[in-house]
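The values are calculated or read from the model by the stated rules, or taken from the named source; none is laboratory data. These numbers were taken from a predicted model, which means no experiment stands behind them. Virtual Cβ from ideal backbone geometry, glycine too; neighbours counted across all protein chains shown.
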Amino acid sequence: MKTTFGEYIRQLRTDKGFTLTELAALLKLDSANLSKIETGKREFDEKRLERLANAFNLDIEELKTEYFADQFAKKIYQYNCSTETLIVAEEKVNYLKSRNVKQDEIKF
């Protein structure tokens, strides 16, 4: 995806033929806030990802990938970090996953 998450939502909405008001109601938002999300003036609340997935019959894991990739990209851009940051982050995720697996295997 080469758009922001807000632009992604707008594209989904227009492709499906929803008005701002219709989609906002499904997401339990007012249309002004949804408009701000679509234009990048406000952040989408991750608590609403499940509702968004349901509204468009999307796989929640793919939607989370789009959402969190957007969040990471904004932070990397905001702080002028190198793309090396993503490599280090992936290593940290792998470490956390391996650590949790080991903890899950311990029986008390």
Candidate set: region 24-34, residues that are touching a Lys or Arg at 6+ places or on another chain (Cβ under 8 Å) and of a type outside the set (A, V, I, L, M, F, W, C); chosen: the one surrounded by the fewest Cβ atoms within 10 Å (Cβ to Cβ):
Lys28
Hey, does region 39-51 have a residue that's buried (at least 16 other Cβ atoms within 10 Å of the Cβ), without any contact (Cβ under 8 Å) to a residue 24 or more places away in the chain and of a type in the set (A, V, I, L, M)?
yes
For Ser82, only one of the following conditions fails: (1) modelled with pLDDT of 90 or more; (2) part of a helix (DSSP H, G or I). What is its number?
(2)
